[in-house]
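Derivation of every value follows stated rules applied to the coordinates shown; laboratory data play no part. The model shown is predicted, which means the values in this text are computed figures rather than measured ones. Note that each Cβ is placed from the backbone with ideal geometry, even for glycine, and that neighbours are counted across all protein chains shown.
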There are 2 protein chains.
Amino acid sequence: MQAQDRLSKVYGALAHPVRRAILTQLARGEARVGDISTRFDMTAPAITNHLKVLEEAGLVNRRIAAQSRILSLEPSALRDGEEWISSMRQFWSASFDRLESHLASTRKARPRKGREGR
Amino acid sequence: MQAQDRLSKVYGALAHPVRRAILTQLARGEARVGDISTRFDMTAPAITNHLKVLEEAGLVNRRIAAQSRILSLEPSALRDGEEWISSMRQFWSASFDRLESHLASTRKARPRKGREGR
DNA sequence: TTATTATTTAAATAAAAACTTAAATACGAG
DNA sequence: CTCGTATTTAAGTTTTTATTTAAATAATAA
């Protein structure tokens, strides 16, 4: 996958159910690595790795406290992903509307005024 | 990645820059496979594969026309992904606000009225 | 200091993803 | 029917991911 750009990293991080579950858990509050790994029936190193992926995507922060590491969400990070997806949806439905109206005018067999622009 | 569930497939599909670019292109209108593969400096089979990923995530539709296959966006598909991400963001900022107000009350050393509800 | 708890790093492996080239299909045009 | 265009399948290779077990670190408790 290579994932050089930020957006790819964010979506790549969200693509794994365990990582989404971790984010959901963290949304309820900070947690230690151990709190997470006990919940997921997975070895600690595996969790460490998922956390690294989330961290590299900028989705979580790691803070050292005593002998534990406290994970917390990075509030600003999902924004890019949300923006891309929602602007795409807009664009998307706009093109869908164009298709709809095109079909409508075709159906009426009334060639309104050529094919506007293009 | 395994990607058994729909959401994982959607995010997994969006995780690759070429696939996002394909979606962007399709948002401007339908396209044949060839229109896409010429644009991306990639062999046709590679594109076929990316399209399969997008299709399996429910993001695009394939329609056969003459000797070409016409790809188009599936308007409803991004919704799940958008919903998850935005509800997460909400949840997210709510917990961030809780933290903020907690910090604020701590700073003021004035325990306003306990911790409203919870 | 030493033992204990919490987490990461190393090393190894299995499975999935991303590509490529070469061959196979599917259609419409002659 | 044969040919050419458009795309997909096959097969094989190289990377990347996802995980595990075992060993290494870090910080606190005794």
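Miscellaneous remarks
- Amide H contacts of residue B:31: B:71, each under 5 Å away and 5 or more positions distant or on a separate chain (H built 1.01 Å from N in the peptide plane; Pro and chain starts excluded).
- ³J(HN,Hα), Karplus 6.51/-1.76/1.60, whole Hz, each residue of the range A:29-39, x for Gly, Pro: x, 4, 7, 7, 4, x, 4, 7, 5, 5, 6
- Charged neighbours of residue A:32, selected by a Cβ distance under 13 Å, balance to +2 (K, R count +1; D, E count -1).
- Per-residue HN-Hα couplings for the range B:8-15 [Karplus 6.51, -1.76, 1.60; θ = phi - 60°; Hz; x = Gly/Pro]: 5, 5, 4, 5, x, 5, 6, 6
- Here the convex hull built on the C-alpha positions of the range B:1-93 has a volume of 112 cubic angstrom per residue.
- Summed side-chain charge close to residue A:47 - residues other than residue A:47 whose Cβ falls under 13 Å, Lys, Arg +1, Asp, Glu -1: +3
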